[in-house]
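First comes the structure, then the notes that go with it.
Bear in mind that the values in this text are calculations on the coordinates, not laboratory data. Since we're looking at a predicted model, the values are computed, not measured. Positions of Cβ are generated from backbone atoms using ideal geometry, with glycine treated the same way; all protein chains shown enter the neighbour counts.
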There are 2 protein chains.
Amino acid sequence: MDMWLKEGQIADAAMTYKIKETLVTKKTEFQDLAIVDTYEFGRMLVLDGIIQTTVRDEHVYHEMISHIPLFTHPNPKKVLVVGGGDGGAIREVLKHPSVEKAVLCEIDGDVVTECKKFLPEISCALEDPRCEVFIGDGIKYVHEHKNEFDVIIVDSTDPFGAAEGLFGGSFYKEIYECLTEDGIFIAQTETPFYLPDVVKRVYDDANAVFPVTRLFMAAIPTYPSGFWSFTVGSKKHDPKAVDLSNTIDIATKYYTKELHKACFVLPKFVEDIIR
Amino acid sequence: MDMWLKEGQIADAAMTYKIKETLVTKKTEFQDLAIVDTYEFGRMLVLDGIIQTTVRDEHVYHEMISHIPLFTHPNPKKVLVVGGGDGGAIREVLKHPSVEKAVLCEIDGDVVTECKKFLPEISCALEDPRCEVFIGDGIKYVHEHKNEFDVIIVDSTDPFGAAEGLFGGSFYKEIYECLTEDGIFIAQTETPFYLPDVVKRVYDDANAVFPVTRLFMAAIPTYPSGFWSFTVGSKKHDPKAVDLSNTIDIATKYYTKELHKACFVLPKFVEDIIR
């Protein structure tokens, strides 16, 4: 019998993936968790029916959400990842030797446990001595830490249900307070193709809080439309204008220094959304 | 009963589209043709089970395959489109007032007929007096016309079966002969995510014929992986280095002058493929 995963995010245009093996399914305190092995994309983490990350294309998302802010900041020492329990963002963050401490604040401990077990190539850096894993509410954590992090990465699920509070102006004000004086914030902010209103709202909310707000795009095959936006809010450093000529080389599969600039050049319809 | 189109190009990771209405299905002399209306992407042209173009996202492909070469050439007067029977590339080509004549050479007359009937917003420009529609073999047409076109656009189906002869060194040599002395050629060249070998082979073949060869990317949701490559072969003008400051403004939804340059900045894995 052929088993297929049909992803339910876009009702009338779904991606489907042929499943080799279901490794775990679990109802956690917060969501339905599954890790399945697929023929085309390898193992993938699925939360509430939505693909979060796959072994085959996870590098695009994790490289871009990490290296853009970390290469924009001149000397990132303390980094906070809100969400991101798979550990992929932490793995990329810790490629930067300036980083002394990277905190992962994930609300769902089961995500961390199962990713450590079934997605070791993504979660590997969670064992790094510079990484501290904190299981708890990101909103509360950010509220209780002021002026502490050079970079905050919001690596959340979609802005519906559990993660709704991680999008929007009131959280971004807390993020601002949690950052050091030249700190940088980044969040995954959905696809402008299917969700232009979400992209616009999040951009406007960030723009109301941060002196520098920028949106960039990356190509992620397993996310709806394959074309994903990230929003950067920065107190001082402009990710689009930063001088990268003296930054270190880091092994990547998607990110390059040239792409760091080019990814901020938006197609007309995306420009129009955030204008 | 729910009707869904499952696209068969990638065996184990298929896109599926809920169908509102099937407008036409036909076995032509060359291929199985269907035009269906879908809930998410509107009407779409499907050839041998592969989506060619949809009303909702066709502009990305047609703008990028047309405006990149036409804005790179300083004065494009005669343009040839090989394939492209839906008329979308011709529509974009004719937005350039310098163009005196645009020839469409499509092997399958049924594609032109059905697109005129069911996809008028894409095929509209085929009625333009500057457009000449020729139903016949593109390879033969190119062979029989020497030193004639300023821009040649190869808007073909995938390089398997009918369109195979439109990819590769021997055809590119004929294209070179068919172009004027500073002519430019462009082709859609598949996705580097699923078909890196095709992308590499086509790039190398073009590079062996043309003094300037460049590859760029565009985000097309209904094409596999959502991330599509185009290869430009040019006798003289470099599409990545061209001065666009004095070019006219054209109404677009995806292409911009800034993106004209940025789309040539490739992710690391694509750079590696064509290195």
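Could you tell me the center-to-center distance, by alpha carbons, between the stretch A:172-251 and the stretch B:1-33 in angstrom?
37 Å
Averaging sequence separations of C-alpha pairs under 8 Å and six or more residues apart, then dividing by the length of the stretch A:28-167, give the relative contact order as a whole percent.
Working: 250 pairs, mean separation 33.2, N = 140.
The value is 24 percent.
What is the fewest-to-most order of A:Leu104, A:Leu244 by other Cβ atoms lying within 10 Å of their Cβ? Mind dumping the intermediate values first?
Working: A:Leu104 27, A:Leu244 12.
So the ranking, lowest neighbour count to highest, is A:Leu244, A:Leu104.
Taking the Cα centre of the stretch B:81-136 as the origin, how large is its charge dipole in debye, to the nearest 20, when only Lys and Arg (+1) and Asp and Glu (-1) carry charge on their Cβ atoms?
For the stretch B:81-136, the charge dipole is close to 180 debye.
Quickly work out the B:Asn75-to-A:Asp137 label distance, labels modelled 7 Å from Cα along the C-beta direction, and quote it in nm with one decimal.
Each label point lies 7 Å from its Cα, and together they span 7.0 nm.
Say a label goes 7 Å from Cα toward Cβ at B:Asn246 in every copy; what distances in nm does this one have to the rest, shortest first?
Result, one decimal in nm: 4.0.
Order of A:Cys124, A:Cys115, B:Cys131 from fewest to most other C-beta atoms within 10 Å? Write down the numbers at each step before the final one.
Working: A:Cys124 15, A:Cys115 25, B:Cys131 20.
Fewest to most other Cβ atoms nearby, the residues stand as A:Cys124, B:Cys131, A:Cys115.
Using +1 on the beta carbon of Lys and Arg, -1 on that of Asp and Glu, and nothing else charged, what's the dipole of the stretch A:213-275 about the Cα centre, debye to 20?
140 debye
Can you give the charge dipole size of chain A about its Cα centre, rounded to the nearest 20 debye, using +1 on the beta carbon of Lys and Arg and -1 on the beta carbon of Asp and Glu?
Charge dipole, chain A, about its Cα centre: 540 debye, nearest 20.
Pick out, from A:His62, A:Thr25, A:Leu47, the residue whose Cα sits farthest towards the positive end of the charge dipole of the stretch A:1-144, with +1 on the Cβ of Lys and Arg and -1 on the Cβ of Asp and Glu.
In the stretch A:1-144, that residue is A:His62.
On the rotation axis linking copies B and A, which residue of B comes nearest by its Cβ, and by how many whole Å?
Reported as residue, whole Å: B:Gly226, 1.
Along the charge dipole of the stretch B:58-274, pointing to its positive end and built from +1/-1 on Cβ of Lys, Arg, Asp and Glu, which listed residue (B:Ile153, B:Asn75, B:Asn246) has its Cα farthest out?
Working it through, the farthest residue towards the positive pole turns out to be B:Asn246.
Using Cα pairs under 8 angstrom and six or more residues apart, how large is the relative contact order of chain B, in percent?
16 percent
If you rank A:Ser229, A:Ser170 by fewest surrounding Cβ atoms within 10 Å, what's the result?
Taking fewest neighbouring Cβ atoms as first place, the list is A:Ser170, A:Ser229.
Rounded to the nearest 500 deg cm²/dmol, what is the calculated helix-only ellipticity per residue at 222 nm for chain B, with -39500 (n - 2.57) per DSSP H run of length n ≥ 4? Show your work: numbers first, answer last.
Numbers: 9 runs with 79 residues, N = 275.
So the helix-based figure for chain B works out to -8000 deg cm²/dmol.
Put the label 7 Å from Cα along Cα→Cβ for A:Gly42; what are its distances to the other copies, in nanometres, shortest first?
3.9
What does the C-alpha gyration tensor say about the overall shape of the stretch A:149-262? Classify as rounded when a/c is under 1.5, otherwise prolate if a/b is larger than b/c, or oblate.
oblate
For B:Glu127, go 7 angstrom from Cα along the Cα-to-Cβ vector, then report the distances to that same point in the other copies in nm, smallest first.
Here B:Glu127 shows inter-copy label distances of 6.9 nm.
Looking at the protein assembly as shown, what % of its DSSP beta bridges pair antiparallel, to the nearest 5?
65 percent
For chain B, what is the percent of antiparallel DSSP beta bridges, rounded to the nearest 5?
Among the beta bridges of chain B, antiparallel pairing accounts for roughly 65 percent.
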